[in-house]
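Here is the structure we will look at, set down as structure tokens.
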Protein chains: 2
Amino acid sequence: MKIILDAMGGDNAPGSVVRGALDAARAFEDITVVLVGREEAVKQELAGQAYDQSRIEIVPADEVIGMCDSPAAAIRKKKDSSMVVGMNLLSRGEGEIFISAGNTGALVTGGTLIVRRIDGVKRPAIATQLPTRTGSVLLVDAGANADCKPSYLAQFGVMGSVYMQKVMDVGEPKVGLVNIGGEEEKGSMLTQAAYGLMKESPVKFVGNAEGRDLLSGNFDVIVCDGFTGNIILKFLEGTAGVIMGTLKESILKSAMSKVGALFMKSAFRDLKKKFDYTEYGGALLLGLRGGVMKAHGSSDAKAIASAVKMARKFIVGGVVTAIGESIERAGDFGEEEEAQ
Amino acid sequence: MKIILDAMGGDNAPGSVVRGALDAARAFEDITVVLVGREEAVKQELAGQAYDQSRIEIVPADEVIGMCDSPAAAIRKKKDSSMVVGMNLLSRGEGEIFISAGNTGALVTGGTLIVRRIDGVKRPAIATQLPTRTGSVLLVDAGANADCKPSYLAQFGVMGSVYMQKVMDVGEPKVGLVNIGGEEEKGSMLTQAAYGLMKESPVKFVGNAEGRDLLSGNFDVIVCDGFTGNIILKFLEGTAGVIMGTLKESILKSAMSKVGALFMKSAFRDLKKKFDYTEYGGALLLGLRGGVMKAHGSSDAKAIASAVKMARKFIVGGVVTAIGESIERAGDFGEEEEAQ
């Protein structure tokens, strides 16, 4: 199994990427890691580290796509960037998955243009795990498509369901539609139409998921357009921050509480862990002819190692093939497929 | 000042509504409270209570609109319901604001059909306050309009800005557009177009508000379509629940933490207070020819009293007139007003 890594992507590249890759390669002897990026810089990070040289490859790429680069222009013009070179390797079959902590927009654009969609997939979607009371839930789409048609949402449900089966070992994933109100006729024009399609689709559709139930543990997959999904994803980060901040302020106000806080340390640690992206690996771009994974921009070595571990499960589970089969079985949901 | 209350609305009606109304009437001698509902039931709740009879009126209404009634049908058919009777009083000028803890959809429908829109207002919107690090932020629209046009969003900004000035005493409210990404060209087709309109509108528009910044305190008003707003509102409730639940579980796991929890009680109390809807009164339906306020369905007497207090500020501030003036000044944002 070959896992291709964008050595130059993210705030802590290439150091964290290289160290995380080495950690993962030590943990799993059945993987080979391909580091794509500035050869000099990558070699410097490798120097002095102990590792199995037969399973660490370097593919040079001299350019870097920055966080502020315009996605379409960057993919078109920076042909020798680590991202473009890495995705070209993937599309030629010289690896099964590509991981980057870099520019999300460029990754989505490159995924569509270089890796390309599976036949029948209307739009690739970002799938990301959120913590729930009892485990986690997969949010699809977390931001790739700001404007969606009902058939896209129905396909997101199909793809998310395959992912949870193959990667998270959920037998029959419960799929919910993010909506306002519980009944079929509630919601926007988009969600009303999507409800009808999802009801008929080959997944275990369990109905609408209202805002307050998204993290309830009642769903394994929650489906929405990428605008709503991105707001949910980032709002969760913001809210967790405000709640923790409020608790901390209250604690500082009272000497009593300060003593209490010492006792509470382990509880806070558990909470932080639950909302810690490093535990969840990365977000997947589903619907492409190869695995494309987005790691968090501020990934440290541990987060990269988690991402590689999850990427390995993605390959072992045969997710790309399984999505292709499921999408074919699901049909086109009554809408013509469009060129993009 | 006359404040009309739906005595039959909400989970704890009429008891909590009546008691909350009496508490508010005791606190503010310049208000008269009109209780609309089943006379017998309301009188029973009033029996044995000490209050100024000249400032508590009862208007009988024998029907009740339930939480599961279809909004449009209920408003059309239940002519003698507390909600329809109350809004008719408001539209005839026999009161300045109507408060209900009942069916939100019916309140929105009745607001549009009975109270009617201010000239030039395209859609009324639900405005509700969310807690931030430093205070609160007004979310508009929190759920009245699942599908919006760009001009609606621009108007929501204008109306929200007036509300924060007149009711919350914010001199020059900072208005943000809920969006994915910080730059003008980011987002859905709706938000891209709304950005352009809001930039030119007579409010202090400070740009996009991303999910993680909604509660940062950087904004006084955040504007979005009612689908997104409702997801945000309810997701906040759900997330606060998951975070508190996680902390409690961790605490129960460890005896050490259990001791700590005793010390932490006041910090938890502060946190709960911050996320407690009873502190925030109610949500306003902005854009109508009279005040229409939605109190939380599970309002207790304290929550109703808070709602009445906020309603009083709404009247004193002359919000309805001020919105009419601001909407006229803002123009129609280049779109024809449509009949609804």
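Observations
- Condition met for A:Glu183 (in contact with a strand residue (DSSP E or B) (Cβ under 8 Å, 6 or more places away or on another chain), among the charged types (D, E, K, R) and within 30 Å of B:Phe275 (Cα to Cα)): yes
- Residue match in the stretch B:168-177 (condition: outside any loop (DSSP other than H, G, I, E, B), among the β-branched types (Val, Ile, Thr) and within 8 Å of chain A (Cβ to nearest Cβ)): no
- Among the criteria (1) in contact with a Leu (Cβ under 6 Å, 6 or more places away or on another chain); (2) part of a helix (DSSP H, G or I), the one B:Lys248 does not fulfil is (1).
- Taking the conditions (1) within 28 Å of A:Val178 (Cβ to Cβ); (2) more than 7 Å from every other protein chain (Cβ to nearest Cβ); (3) touching a Pro at 6+ places or on another chain (Cβ under 9 Å) in turn, B:Met244 satisfies each one other than (3).
- Boolean, A:Met159 is touching a residue at least 12 places away in the same chain (Cβ under 8 Å) and either of a type in the set (D, E, K, R) or in a helix (DSSP H, G or I) (or both): yes
- Test: residue in the stretch B:260-269 that is surrounded by 23 or more Cβ atoms within 10 Å (Cβ to Cβ), touching an Asp or Glu at 6+ places or on another chain (Cβ under 9 Å) and among the aliphatic types (A, V, I, L, M): yes
- Residues of the stretch A:33-91 satisfying the condition of being assigned to a loop (DSSP other than H, G, I, E, B) and in contact (Cβ under 8 Å) with a residue 60 or more places away in the chain: A:Met67
- Some residue of the stretch B:197-218 being among the charged types (D, E, K, R), surrounded by fewer than 23 Cβ atoms within 10 Å (Cβ to Cβ), in contact with an Asp or Glu (Cβ under 9 Å, 6 or more places away or on another chain) and more than 25 Å from B:Glu325 (Cβ to Cβ): yes
- Filtered residues of the stretch B:39-79 (kept if basic (Lys, Arg), surrounded by 13 or more Cβ atoms within 10 Å (Cβ to Cβ) and within 18 Å of B:Gly110 (Cα to Cα)): B:Arg76, B:Lys77, B:Lys78
- Checklist (1) crowded, with 24+ Cβ neighbours inside 10 Å; (2) within 11 Å of chain B (Cβ to nearest Cβ); (3) in a strand (DSSP E or B) applied to A:Leu130, failing item: (1)
- For the condition touching a helix residue (DSSP H, G or I) at 6+ places or on another chain (Cβ under 8 Å) and at positive phi, B:Arg116 qualifies.
- Listed by first and then second residue, the pairs linking a residue in the stretch A:302-329 that is closer than 21 Å to A:Ser100 by Cβ to a residue that is part of a helix (DSSP H, G or I) and among the charged types (D, E, K, R), with Cβ atoms under 6 Å apart and 6 or more places separating them unless they lie on different chains, are A:Ala305/A:Asp23; A:Gly317/A:Lys166; A:Val319/A:Lys166.
- In the set B:Gly238, B:Gly182, only one residue is more than 7 Å from chain A (Cβ to nearest Cβ) and either part of a helix (DSSP H, G or I) or more than 23 Å from the chain's Cα centre (by Cα) (or both); that residue is B:Gly182.
- Residue within the stretch A:154-177 that is β-branched (Val, Ile, Thr) and either out of contact with any helix residue (DSSP H, G or I) (no Cβ under 7 Å at 6 or more places or on another chain) or under 22 Å from B:Ile180 (Cβ atoms) (or both) present: no
- Comparison of B:Ser257, B:Ser266 shows that the only residue that is farther than 30 Å from B:Gly317 by Cβ, out of contact with any Leu (no Cβ under 8 Å at 6 or more places or on another chain) and at pLDDT 70 or above is B:Ser266.
- Residues of the stretch B:134-144 that are within 12 Å of another protein chain (Cβ to nearest Cβ) and either crowded, with 24+ Cβ neighbours inside 10 Å or assigned to a helix (DSSP H, G or I) (or both): B:Val137, B:Leu139, B:Asp141, B:Ala142, B:Gly143, B:Ala144.
- Filtered residues of the stretch A:294-340 (kept if of a type in the set (Ser, Thr, Tyr) and either modelled with pLDDT of 90 or more or not assigned by TED's automatic domain parsing to the domain that holds A:Ala27 (or both)): A:Ser299, A:Ser306, A:Thr321, A:Ser326
- Considered as a group, the residues in the stretch A:193-218 that are of a type in the set (S, T, N, Q) and more than 9 Å from every other protein chain (Cβ to nearest Cβ) include one that is nearest to A:Ala154 (Cα to Cα), and that residue is A:Ser201.
- For the stretch B:107-124, filtering for residues that are under 14 Å from the mean Cα position of the chain (by Cα) and not in a loop (DSSP other than H, G, I, E, B) leaves 3.
- Residue within the stretch A:136-150 that is of a type in the set (Gly, Ala, Ser) and free of Cβ contacts under 8 Å to residues at least 24 places away in the same chain present: no
- Yes/no for A:Gly229 being at the interface with another protein chain (Cβ under 7 Å from one of its Cβ atoms) and within 24 Å of A:Ala154 (Cβ to Cβ): no
The values are calculated or read from the model by the stated rules, or taken from the named source; none is laboratory data. It should be emphasised that the depicted structure is a prediction, and the values quoted were computed from it without experimental measurement. Every residue, glycine among them, receives a Cβ derived from its backbone with ideal geometry; neighbour counts consider all protein chains shown.
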